[in-house]
Amino acid sequence: MDARFVGIPELAEAPSVAVVVDVMRAFTVAAWAFGQGAEKIVLAESPDDALALKARHPDWVALKDGPPTPGFDTVNSPGLLRSIDLGGRTVVQKTTAGTVGALAVKEASLVLCAGFVVAGATALLLRVRECDSVTFVVTGEDGHADEDLACAQYIARRAGDAGADAAEFLRRAGESRAAAELTEGVRQGTHPDDVALCLELDRFPFAMVATLEDALMVLRPCTVPSRTDEASTG
């Protein structure tokens, strides 16, 4: 597989296949939302757009980066989200980097959103679909966030080698600037367990696929059958 690693500013045009990585914390939060029963996640262009969607759909759950904000139901923290029952609900998510990266490649034929918590399923989907060329969008710090780059590199390696060791990649992420800022309380709207939850490898068994639905970028979980499963089911 030909893997390319770019920051959001380097996206001159939409690639064919894009894996958008935000470990701390957008797509860890998205995975936890699905783990808590959410049906889908709408990726909002701006906080105002998120609030407008919430106004039209009062039963939707709106969340964003930073401290609690009027109009939003919760914040972009896996530690806080894991205690919320989202059974059958739609979530509206707006973050500083992750949602921006996904929206930047919305015209791609396949858009996956990922973090370590869904790394294995994401790599498996790339392998099963035989994706020859993949652009990994490293969303944090204009493409320089080591936690996102480490996760992207790990997924790329695991797509070619299912037994790839994650230890070094997880170490890099744990020593990243984002991890330090979360640990030290520099970022608002956090929970003490956020970093540990973001570094939990393969916590969830699904990949996350984003597609355009009625002009909205919508993220949904996708269970990926292995080639063995496909063969056994005919």
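The values are calculated or read from the model by the stated rules, or taken from the named source; none is laboratory data. Bear in mind that the values here come from a model prediction, so they are computed numbers and not experimental data. Every residue, glycine among them, receives a Cβ derived from its backbone with ideal geometry; neighbour counts consider all protein chains shown.
Cβ-Cβ distances below 7 Å connect the following pairs, each with a first residue in the stretch 139-168 that is over 23 Å from LEU11 (Cα atoms) and among the hydrophobic types (A, V, I, L, M, F, W, C), a second residue that is modelled with pLDDT of 95 or more and surrounded by fewer than 24 Cβ atoms within 10 Å (Cβ to Cβ), and a separation of six or more residues or different chains: ALA164/ARG157; ALA164/ARG158; ALA166/LEU201.
Matching residues to (1) part of a strand (DSSP E or B); (2) on the phi > 0 side of the Ramachandran plot; (3) crowded, with 18+ Cβ neighbours inside 10 Å:
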residue: ALA3; (1), (2), (3): yes, no, yes
residue: ALA31; (1), (2), (3): no, no, yes
residue: PHE34; (1), (2), (3): no, no, yes
residue: PRO70; (1), (2), (3): no, no, no
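For the stretch 124-142, the tally of residues that are touching an Asp or Glu at 6+ places or on another chain (Cβ under 9 Å), outside any strand (DSSP E or B) and crowded, with 20+ Cβ neighbours inside 10 Å stands at 2. Within the stretch 105-123, the set of residues being surrounded by fewer than 21 Cβ atoms within 10 Å (Cβ to Cβ) and not small (Gly, Ala, Ser) comprises LYS106, GLU107, LEU110.
Please find, among GLY88, GLY79, the residue that is surrounded by fewer than 24 Cβ atoms within 10 Å (Cβ to Cβ), modelled with pLDDT of 95 or more, out of contact with any strand residue (DSSP E or B) (no Cβ under 9 Å at 6 or more places or on another chain) and at positive phi. Don't jump to the end; show me each part of the working.
Details: GLY79 fails: at positive phi.
Going through GLY88, GLY79 in turn, the sole match is GLY88.
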